[in-house]
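Data block below; observations after.
The values are calculated or read from the model by the stated rules, or taken from the named source; none is laboratory data. Everything numeric here is computed off the predicted structure, so don't read it as measured data. Glycine gets a Cβ as well: all are built from the backbone with ideal geometry, and neighbour counts include every protein chain shown. Surface accessibility is based on the protein's heavy atoms, side chains included, excluding ligands, DNA and RNA. Shrake-Rupley method; radii C 1.70, N 1.55, O 1.52, S 1.80 Å.
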Amino acid sequence: MNSINHRLATLIILSSIAAGVRAQDRPIQAGSSGGNAVADTGLTIGQILDDVKRNNPGLNAARSRERSIAAQIPQAGAWEDPQAGVEFYSTPITSLNPFTEGMETDYFLQQMIPFPGKKGAMVDAAEANAAMAVQSTRAAERGLIADTKRAFAMLYSSQQRVRVNEENLNILEQIITSARAKYSVGTATQSDVLKVQVEHAKLQNERSGLDQEVRSAAAMLNALRNRPSAAPIGSAAPMPLDSLGTPLDSLIQASLESRPELQGMENEIRMNRAELSASRKEWFPDIMLKGTYKQMKEQKDQWAAMIGINLPIAPWSIGKYSGQNDEHEARLRGSEESLLNMQNMVQSEVRDAYAKVQSRWQQIERYQNRILPQAEQSLNAALASYRIDKVDFLSLLDSYRMLEMFRMEYYMALGEYFTDLASLEQAIGQDLRNGP
């Protein structure tokens, strides 16, 4: 009678296992969180991203650099300061007041006027430099967004695997109790009990590693949003799960148009062209105007004017201007070649990231449509065979363990899919979908 009761208890436990599996591991549809994994009220990726964009010190530093470079634009268009002064002539060396005892006092004002077009070219260069700083800030922001999404995907995947591990531990504890009861009445061997206990210890070791993954992901997210690394972060809400329907050619074209690094390099070319234009205009002389009012002691007051130019073609100064031209021409050619190289690298990055995303999605679909449902069917078949004594207890346990292993792999693949998707968005330079 005791043997029958223990066998019935075992069947009840295993029936509850199968029921739980059927409830939790149905193929997960697009946008689903996978059963009751995380409530919809969990921390969303949108909330984290808003926090990061507001508080990340690196991004705020990039914004400050952007403002400082933009402030250089009016500086580039400004003329040299005018000069004013007073000159004293024929003043006795014993005099303490040259204004009253000197023979002549000159008041002058002079201004250097740049050749027309020089300052305009310098303003163009400064504006292009400021636009390049804007794209640098965008690139930093896109990098932070990608890092945040990768860390969030790691957190979500780790938390889901922790949940699966907890379920496995609870079920194995029930199985251990049943196995010990069966062993006490001679219907199970000591080996059966020991194997289940070893399995339980393995799950505890796995839990330690998963807890470390959760802490690492939470610490990364806290660092990105400028919070203490040990600050609580809560449960991660599921990210939208659907396939990537945009063709590769469209993504490559979007990357060439949206990638901030490419736009920054285009502005660098524009800046180098403007600087080359400004250096070529240095061959044209600047004009200096000077006006003087002469206050005479013994004669009528007079005024004088002077006009002058600099001579950039002087033999002792010509090397400065020719060298500047050569320098800016080389910079322009280098930036144009760098842009071509960067365009090739970006296309390669997009292709690589796209292939990874598509591969991960295929894995997820296989888990949803084939692996998990078939593993569940295998467990149900093993459970039915166990009821009629066609398989032993450990074979049934192996079927359950296989299903739980696939569940862990599924959530790992899910995290890797979102990680690869974040890398693809970074390679393109824009979001492919809006997060919650």
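Things to note:
- Per the listing S255, S250, S338, the residue uniquely polar (S, T, N, Q), surrounded by fewer than 15 Cβ atoms within 10 Å (Cβ to Cβ) and more than 19 Å from A128 (Cβ to Cβ) is S250.
- Qualifying residue in the range 266-278 (condition: among the hydrophobic types (A, V, I, L, M, F, W, C), open to solvent by 60 Å² or more (accessible area, probe 1.4 Å), farther than 24 Å from L432 by Cα and out of contact with any strand residue (DSSP E or B) (no Cβ under 9 Å at 6 or more places or on another chain)): no
- Out of Q324, Q302, sole residue that is polar (S, T, N, Q), open to solvent by 50 Å² or more (accessible area, probe 1.4 Å) and touching a Lys or Arg at 6+ places or on another chain (Cβ under 6 Å): Q302
- Among the residues of this structure, I307 counts as one that is touching a Leu at 6+ places or on another chain (Cβ under 7 Å) and open to solvent by 60 Å² or more (accessible area, probe 1.4 Å).
- The selection criterion, being of a type outside the set (D, E, K, R), touching a Pro at 6+ places or on another chain (Cβ under 9 Å) and closer than 30 Å to F418 by Cβ, does not hold for Q362.
- Looking across the range 384-436, the residues that are of a type in the set (F, W, Y), more than 20 Å from the chain's Cα centre (by Cα) and open to solvent by less than 10 Å² (accessible area, probe 1.4 Å) come down to Y386, Y410, Y411.
- Pairs where the first residue, in the range 199-224, is without any contact (Cβ under 8 Å) to a residue 40 or more places away in the chain and the second is assigned to a helix (DSSP H, G or I) and buried (at least 18 other Cβ atoms within 10 Å of the Cβ), C-beta under 7 Å, 6+ apart: H200/L172; L203/N165; L203/N168; L203/L172
- Residue in the range 199-212 that is at pLDDT 80 or above and open to solvent by less than 10 Å² (accessible area, probe 1.4 Å) present: yes
- From the options N60, N55, N129, residue that is in contact with a helix residue (DSSP H, G or I) (Cβ under 6 Å, 6 or more places away or on another chain), open to solvent by less than 70 Å² (accessible area, probe 1.4 Å) and either under 19 Å from K281 (Cβ atoms) or not aromatic (F, W, Y) (or both): N129
- From Y417, Y400, residue being of a type in the set (S, T, Y), farther than 22 Å from S359 by Cα and in a helix (DSSP H, G or I): Y400
- For the range 344-383, a residue qualifies if it is within 19 Å of the chain's Cα centre (by Cα) and open to solvent by less than 20 Å² (accessible area, probe 1.4 Å), and the qualifying residues are V346, V350, A353, V357.
- Cβ pairs under 8 Å, 6+ apart, first in the range 176-195 and farther than 15 Å from L397 by Cβ and open to solvent by 30 Å² or more (accessible area, probe 1.4 Å), second at pLDDT below 75 and in a helix (DSSP H, G or I): V185/N2; V185/S3; V185/H6; G186/S3; T187/S3; T187/H6; T187/R7; Q190/Y183
- Screening the range 81-100 for residues that are open to solvent by 90 Å² or more (accessible area, probe 1.4 Å), at pLDDT below 85 and over 17 Å from K294 (Cβ atoms) and picking the one that is nearest to the chain's Cα centre (by Cα) gives L96.
- Qualifying residue in the range 72-89 (condition: β-branched (V, I, T), in contact with a Phe, Trp or Tyr (Cβ under 7 Å, 6 or more places away or on another chain) and over 30 Å from T137 (Cα atoms)): yes
- Against the list (1) open to solvent by less than 60 Å² (accessible area, probe 1.4 Å); (2) under 48 Å from the mean Cα position of the chain (by Cα), the condition T292 fails is (2).
- Of all residues in the range 70-99, those that are without any contact (Cβ under 8 Å) to a residue 40 or more places away in the chain have Cβ atoms under 7 Å from Cβ atoms of residues that are part of a helix (DSSP H, G or I) and open to solvent by less than 90 Å² (accessible area, probe 1.4 Å), 6 or more apart or on another chain, in F88/P98; T91/P98; T91/E101; P92/E101; S95/E101.
- Figure legend. Inter-residue proximity from the range 397-419: first residues touching a residue at least 12 places away in the same chain (Cβ under 8 Å), second residues aromatic (F, W, Y) and open to solvent by 20 Å² or more (accessible area, probe 1.4 Å), beta-carbon distance below 7 Å, spacing 6+ or different chains. Indicated pairs: F406/Y367; Y410/Y367; A413/Y367; Y417/W361.
- The range 375-388, residues that are over 11 Å from S399 (Cα atoms) and assigned to a helix (DSSP H, G or I): A384, S385, Y386, R387
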